[in-house]
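The values are calculated or read from the model by the stated rules, or taken from the named source; none is laboratory data. The model shown is predicted, which means the values in this text are computed figures rather than measured ones. Don't worry about glycine lacking a Cβ; one is built from the backbone with ideal geometry, like all the others, and counts go over all protein chains shown.
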Amino acid sequence: MVYLEAQSCGLPVVAFETTGVPEVVRNGSTGLLLPMNQMDDYVKSIDGLLKAENMRRRMGRAAAVYIRQTHDLNNNYRKMEEKLLEIAATFSKS
């Protein structure tokens, strides 16, 4: 959740590429994903984002847009409702 929350506030994230994280962070667009336990690269990536203001702002804007487009609660509920109605329609035809 912390990656979603940070991005929704317009902050790019640096994270390890572990289970589930690539589903919420777009490497090179909304944040930076690194191989697990690469601490030196992790620190360098954070340092790089802190120093590269333009990149940090660009990624932050992209992160906020990405979250609103793909992880918006109302949008997700609507998609779930559509699928459930589709399934219900299939069963009602049987």
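Annotations
- From the options Asn37, Asn54, Asn75, residue that is surrounded by fewer than 14 Cβ atoms within 10 Å (Cβ to Cβ) and touching a Lys or Arg at 6+ places or on another chain (Cβ under 9 Å): Asn75
- Positions within region 35-51 being out of contact with any Pro (no Cβ under 9 Å at 6 or more places or on another chain) and closer than 19 Å to Tyr66 by Cβ, in sequence order: Ser45
- The set of residues in region 37-94 that are assigned to a loop (DSSP other than H, G, I, E, B) and within 22 Å of Leu11 (Cβ to Cβ) comprises Gln38, Ala52, His71, Asp72.
- The residue that is farthest from His71 (Cα to Cα), counting only those in region 1-20 that are outside any helix (DSSP H, G or I) and of a type in the set (Ser, Thr, Tyr), is Thr18.
- Looking across region 21-36, the residues that are without any contact (Cβ under 8 Å) to a residue 40 or more places away in the chain and either part of a helix (DSSP H, G or I) or in contact with a helix residue (DSSP H, G or I) (Cβ under 9 Å, 6 or more places away or on another chain) (or both) come down to Val21, Pro22, Glu23, Val25, Gly28, Ser29, Thr30, Gly31, Leu32, Leu33, Leu34, Pro35.
- Residues in region 42-52 that are under 20 Å from the mean Cα position of the chain (by Cα) and among the charged types (D, E, K, R): none.
- Residues that are at pLDDT 95 or above and β-branched (Val, Ile, Thr), drawn from region 34-72: Val43, Ile46, Val65
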